[in-house]
Amino acid sequence: MLAAILVLLLGGPARPAWADRVAAPESYRCNGEPLVATLHSGDVDDLSIPNRSGNTLPGAFVVLQWQEQVLQLPRTNNAGPPSFTDGRWWWSLEDPDHPDLRLRRSLGDVMQLSCER
């Protein structure tokens, strides 16, 4: 009974600390296929680091779910809008309504996929 009263008074269970670092998933279509992007703000680096862009730090990453793939891409240190890459896949939010998704293929060429919100 005392536990129930405390939950009512304190407003329920506390949110885990990591919950504030995960943005709501965003839905897109890339080459006609659904894609879900979830941005995770990094807490790896100190908030005093000046290299911040779009409220992300160098420790941030994005998880992309597209077709049967799940990609976790770390944030780049590039100036400008946030971009994420693992060296093969690249995701940029320069235009949030038309994000840029690219794939570097084994022959060295780059395939750009058409994405829209």
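Please treat every number below as a calculation from the coordinates, not as lab data. Nothing here was measured: the structure is a model prediction, and the numbers come from that model. Heads up, the Cβs are rebuilt from the backbone with ideal geometry, glycines too, and the neighbour counts pull from every protein chain shown.
I need the chymotrypsin sites (Phe, Trp or Tyr not before Pro) found in the range 75-109, filtered to DSSP loop residues with at most 15 other beta carbons within 10 Å of theirs. Mind showing how you got there, number by number?
Values: sites: Phe84, Trp89, Trp90, Trp91; in loops: none.
Of the chymotrypsin sites (Phe, Trp or Tyr not before Pro), not one in the loops of the range 75-109 has a Cβ with at most 15 other Cβ atoms within 10 Å.
Apply 1/(1 + (r/R0)^6) to the Cβ-Cβ distance of Asp97 and Asn77, taking R0 = 22 Å, and write down the FRET efficiency to the nearest 0.05. It comes out at approximately 0.35.
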